[in-house]
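Each remark here refers to the structure printed beneath this line.
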Amino acid sequence: MASPDDTQATIKKALSGSQIAYSHLLDKFWNGVYGFQLKRTENENDAEDITIQTFSKAFDKLNTYNEKYEFKTWLIAISKNIHVDLIRKRKKSLETGGNQDSVRKVLDDAPSAEDLLISEQNLANLLSHIKKLKPHYQEIINLRYFKELSYADIAEELNEPINNVKVKILRAKKLLAQVIRGKDT
């Protein structure tokens, strides 16, 4: 298991723009945040949505993280707040129109290991692998890789903040790569 120093080094790399560092943070802490929310919500979809929002918000505000505290504790605190907000919104049954057009300055990154693995598969096999993912991951992969939409265009199409889209794409690629690797073994 990685030491807290490894986590701090990864955070510093992420702050300097390393997409791989963000991916490592997502991999390392996803299950902890998701598991925490699954116990709280007792609903897989809510737990997954809250976890995606947690990482989206955390990555967006990573420069505010104080390294005196455990990174996982910081993520859990963000996650709790998002869950509380969700409960409040549901109780008030308000409709929110959170259109964030101002966040359009996103550069698409060079292909990751998952991108390369995905592109090596022939189309028929790839489509059969994609069908094994949850529908919202199928949709985001379709929008990004088959319709070749930008993050901003996907955010507009799904009416979601661009950071949520980035985290969902990252998560969908990881899950798809796992499905593909599982088939190859």
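Bear in mind these aren't lab numbers, they're just calculated from the coordinates by the rules spelled out. Nothing here was measured: the structure is a model prediction, and the numbers come from that model. Positions of Cβ are backbone-derived with ideal geometry, glycine not excepted, and every protein chain shown enters the neighbour counts.
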Exercise. Which of the residue pairs Lys131/Lys168; Lys68/Lys166; Lys39/Lys72; Lys39/Lys132; Lys57/Lys91 have a Cα-Cα distance greater than 21 Å in the structure shown?
Worked result: Lys68/Lys166; Lys39/Lys132; Lys57/Lys91
Seminar exercise, completed: Note: the range 32-71 at 37 °C, 0.692 mPa s; Kirkwood Rh on alpha carbon pairs; Stokes-Einstein D in µm²/s works out to 302
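Calculate, for Val84 and Thr64, the FRET efficiency according to 1/(1 + (r/R0)^6) with r their C-beta to C-beta distance and R0 30 Å; round to the nearest 0.05.
0.95
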